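We did not get these values from a lab; they are worked out from the coordinates using the rules stated. This is a predicted model, so every value here is computed, not measured. As a convention, Cβ positions derive from the backbone with ideal geometry for all residues, glycine included, and neighbour counts pool all protein chains shown.
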Amino acid sequence: MAKLVLKFLTIVILFQAGNGDMLRPVNNITLGSRLYPQNNPYWVSPSRIFAFGFYEKGDGFAVGIWPLAVGPERIVTWTANRDDPPISSNAYLELTEEGKLLVRTTDTASGFIPIVYNLQAPATSASLLDSGNFVLSDGDNVIWNSFDYPTDTILGGQTLLSGESLISSVSVADRSSGRFKLVLQHDGKLAAYPVSGTGAPDEAYWSYNAGLEFHGLSLVLTETGLLYLDPTFDLSNDSIAQGLNVSESSETMIYRATLDADGNFRLYAHILSNSSMMTLWSALMPFDPCKVKGFCGLNSYCSANASKGNATCICFPGFIYHDPDPDKKFLGCYRNFSYERICGIREDDSLSNKYYLIPIKNMEIRGDPYVSIPMVQGDCCKSCISDCNCWAVLHASGNCSKYKPPLLYAAQDQNHSGVAFIKQSHNSFQSAEPKGKHRRRMVQILAPPFGFLSFIFTLLAVLSYSMYRRRALKYQKLLKMENFGLNKEFTLRSFSYNELEKATNGFKEEIGCTSYGKIYGGIISQGDRIVAVKRLEKVDDEGEREFIAEMAAMGRIHHKNVVQLVGFCLEGAKKLLVYDFMKTRSLAECLSDVEKRPFWNRRMKLAFDIAQGILYLHQECDTHIIHCNIRPENILVGDNWTAKIANFSSAKLLIPYQKQTLALERQGRGYSAPEWQKKASASEKVDVYSYGVVLLEIICCNSTEEINVQSADNNFSTRVYDYFMAKQLRKLTGDEEVDMDSLERMVKVGLCCIHHDPDLRPSMKNVILMLEGTIDTPAPLCPI
C-alpha cells in the first residue's frame with residue numbers, strides 16, 4: 001500500500017483532548033426554527049464553512065450537509081434518510097417545540113418524516129459546527145450528532161468505530177446507497193466489499209490489515225488529515241494516509257475520506273481560499289475499475305479502457321441491460337431467452353442441436369464455480385452443453401470451471417488468459433431457410449390460430465345481431481320519442497305524462513322544490529310503489545340544462561347512499577324525473593332542529609354515509625360523476641339515519657380517463673371550492689372541498705358558536721382551525737359527550753379537505769380510510 005512519508009504528530013493525544021470541544025455547540029438553532037427548500041434552504045456553521053439543509057435531489061430535495069466553498073459542484077458529506085424518495089418543494093424542515101427534527105410534507109400518509117432517530121431526550125437546540133458535525137443538545141449534553149451516523153464520508157475529527165461501515169453513493173448527483181461498502185472489521189481489517197455480495201472474506205476487493213485483532217478498533221481522520229487505525233502501537237506502520245500538516249501550511253483545509261461511487265476509498269483535501277481540491281491518497285493505486293468486485297452488475301462483465309482510464313459494463317451474449325441508459329449499465333443484465341432444463345451431466349448429441357456456446361477471450365470470472373476440474377477445452381464445452389445447470393464455463397490454465405446463474409464479478413483484460421463460453425439457445429435466433437419453404441412454414445404455423453379466430457368472430461357477430469334484434473323490439477317505444485338522442489343512454493323506465501299525472505293525483509301533493517321545478521308525491525299503479533316526481537317548470541335554457549345533467553348522472557347510479565332514479569318522462573316540453581320516495585328530511589333540517597338533533601354516533605354515521613356515496617360517484621360507477629353541489633340541503637336523511645345524496649342538477653360527467661371538466665355555473669359561497677368559484681377547470685376535488693365543509697358543520701352542530709358557512713369571509717373554517725391549533729376542540733361540540741380521539745380525527749380530515757390547493761386535498765378513498773383510522777391524517781394547514 002502506498003504511504004506518504006511525512007513527519008507525524010502525536011495525534012492520538014490531541015484528538016482525545018479535543019474531542020469534548022469538538023461537540024460543544026457554538027451557534028444555537030432554537031426550537032421552532034424552520035427551513036424551506038426554495039426560500040431559506042439551509043443553516044450555516046459559525047465560520048460559514050459547512051451548510052445543513054435542503055439540496056436538490058432528482059425532481060425534489062433531500063436534507064444533508066456539505067461544505068460551502070469547495071468548488072462549483074456541491075459535495076455532500078452526509079445525507080438524512082438517503083434512500084427515501086425526494087421531498088417535494090412545498091415541504092419544510094422544522095426543529096419542533098417538542099424537540100424533534102422533522103420534515104413536514106404531504107407526500108407521506110403520516111405527514112412528517114423524522115430526520116434523526118434514537119434521541120435520548122427532547123432537544124432544546126441544534127448546532128452546525130465548523131467541523132461539519134450537526135448536533136442536537138438538551139442544554140447540557142449532546143444527545144445526537146451526525147458524526148455517529150456516517151453515510152459515505154468521514155470528515156476531519158470524525159471516527160469510524162469497529163463494526164461500522166461506509167456505503168458508497170450511486171453517483172455524485174444521487175446520494176442514495178450505492179454498490180460498495182467499507183467495513184471496519186473486528187479482526188483488525190479495514191475491507192471494501194460489493195454490497196450485493198455475501199460479505200465472505202474472499203469477496204473483499206481491497207483490505208488493510210492493522211495486524212491487531214482489537215474489538216475497540218476505530219478508523220480516525222484527524223483535523224490535520226492523518227487517516228489511521230487506533231489504538232496503535234506503531235503509528236508509522238499502522239497509518240493509512242497522511243494529509244498536510246497544519247503547521248506546514250497557512251491554508252485553511254477541509255479533509256474528507258470518502259468511499260466513492262466507483263468503489264475506491266480516497267482521502268481528499270479542500271483548500272477553502274481558492275476552492276481547489278486535491279486527492280492525497282486512494283486505496284486502489286493505480287485505479288482499475290475492473291479490479292473492483294461488483295463494479296458491473298449481474299450477468300455482465302467489466303471491460304477496461306486504458307486510453308481513457310475508465311471502464312464499460314457489457315452484457316454477456318444472450319443478455320440485455322436492465323436499464324439501457326449509458327449511466328446505468330452497471331445495474332447488470334438479464335437473459336433474453338429461455339431453454340429447457342435437461343438435468344444431469346451427460347453427453348447427448350441431440351443437445352448440440354438446441355444449444356451452442358459463444359467464446360469470449362481474455363476473461364476472468366471471480367464468482368465461485370460449482371464445478372472446477374482439470375479438462376481440455378473441447379471436453380469442457382461439451383460438458384457445459386449437456387449440463388442443465390451450466391450457464392457459462394471458463395477454461396483457464398487447463399481448468400474447466402462451470403457457473404450457475406447469475407454470473408458475478410467478471411472482467412476482460414489482455415493480461416487474462418482464460419476463455420469464457422456462454423450458453424445460447426438455437427431457438428432464440430431465426431434460422432436461414434429458402435424463401436418459398438419459409439413461407440409455407442409460416443402458413444402452416446399461422447393457419448390454425450387464424451382459422452380459430454375467424455370462427456370466434458363469426459360466432460360473436462351472430463350472437464350480437466340476435467341480442468340487437470331483441471333489444472330493438474324492447475326499446476321500440478323509445479325510438480319514437482323526440483329526445484331519443486338522450487334517452488338511448490339509459491335503461492330506466494319510460495313513463496307517459498298521463499301516467500305520472502294520475503300517479504300524483506294531478507300534481508296536488510307538493511313535497512319539495514328545486515331550482516328548476518317542484519317535487520310531488522305519488523303512487524305508481526304497478527306495485528303500489530311510492531315515488532317522488534320532479535317536474536321541470538323553469539323552461540329556459542338553464543333549467544333544461546340542469547334537468548338533462550341530473551338525468552344523465554342519475555341514470556347510471558345505484559348505491560345505498562345515493563337517491564335512486566326510477567324513470568323519466570320526455571314528451572315535448574313536458575320533462576319529469578321519477579325517484580324512489582324517502583320519508584325523510586334534509587341534513588340541513590336535521591342539524592338545525594334543536595329538539596331532534598342527532599347525537600355524536602349518528603352524526604359520525606351520516607358523515608361516513610356521505611363519504612361513501614361521493615366515493616361511489618367518483619370511482620365506482622361506470623361513468624365517473626362530479627356532483628358539484630354537495631351541501632346539507634342536497635343530502636337526505638331517512639328514518640334509520642341513512643344519508644343519501646340527491647339533487648344532481650349541477651353534476652358533471654367524466655368520460656373514461658378524464659380527470660376534470662369545465663366549471664360552467666358559479667355556485668354559492670361556503671360549500672364551493674375556490675377553483676369552482678373562479679370558473680376554472682373542476683375535478684373531483686371540488687366535491688372533496690364541499691364534503692370537508694359539510695363534515696365540519698356536522699361536527700359543530702351542537703356548538704354554542706354561531707355557524708355561518710356561507711359568510712363571505714369564510715370565518716367558520718378559520719375559527720375551527722384556530723380551535724384545533726389551540727387544542728380547544730370542546731368548543732366545537734359544547735357539552736355533548738363525544739369521543740375526543742374521533743373528534744380530533746374528524747376535524748383534521750375536514751380541514752385537510754378544504755385546503756385551497758386541489759392537489760393537496762385527499763381523495764375520497766383516503767378520506768374514508770382516515771375517518772376509519774386506517775391511515776394517519778396529516779396535520780392540516782390554515783384555510784385561506
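Can you sort Glu501, Glu510, Glu571, Glu737 by how many other beta carbons sit within 10 Å, fewest first?
Glu737, Glu510, Glu571, Glu501
Order these by the 10 Å Cβ neighbour count, fewest first: His627, His755, His559, His426.
Details: His627 26, His755 23, His559 16, His426 13.
Listed from fewest to most nearby Cβ atoms, that is His426, His559, His755, His627.
May I ask you to list the GluC sites (Glu not before Pro) in region 152-229 that are in a DSSP loop and have at most 14 other Cβ atoms within 10 Å of their Cβ?
Glu213
What's the extension gain from Asp174 to Trp641 if we count 0.36 nm per residue and subtract their Cα-Cα distance?
Stretched fully, the Asp174-Trp641 segment lengthens by 162.6 nm.
Take the cross-link list Lys685/Lys765; Lys57/Lys189; Lys560/Lys605; Lys291/Lys329; Lys560/Lys678; Lys291/Lys361 and give me the ones stretching past 23 Å between alpha-carbons. Spell out each step's value before the answer.
On the way: Lys685/Lys765 12 Å; Lys57/Lys189 34 Å; Lys560/Lys605 13 Å; Lys291/Lys329 17 Å; Lys560/Lys678 33 Å; Lys291/Lys361 17 Å.
The pairs that break the limit, which is 23 Å between Cα atoms, are Lys57/Lys189; Lys560/Lys678.
How big, on average over all directions, is the shadow cast by the Cα convex hull of region 30-149, in nm²? Walk me through the numbers before you get to the answer.
Numbers: hull surface 29.9 nm².
Over every viewing direction, the Cα hull of region 30-149 projects on average to 7.5 nm².
Compare the Cα positions of Pro72, Ser137, Phe61 along the charge dipole of region 30-149 (+1 at Cβ of Lys, Arg; -1 at Cβ of Asp, Glu; about the Cα centre) and return the one farthest towards the positive end.
Sorting the options by dipole projection puts first Pro72.
Arrange Glu744, Glu73, Glu697 by Cβ neighbour counts within 10 Å, fewest through most, would you?
Glu73, Glu744, Glu697
How about region 562-637: which chymotrypsin sites (Phe, Trp or Tyr not before Pro) there are in a DSSP loop, with at most 15 other Cβ atoms within 10 Å of their Cβ?
Phe599
Suppose R0 equals 30 Å. What FRET efficiency, 1/(1 + (r/R0)^6) with r the Cβ-Cβ distance, do His559 and Ser466 give to the nearest 0.05?
That pair, His559 with Ser466, gives E of 0.40.
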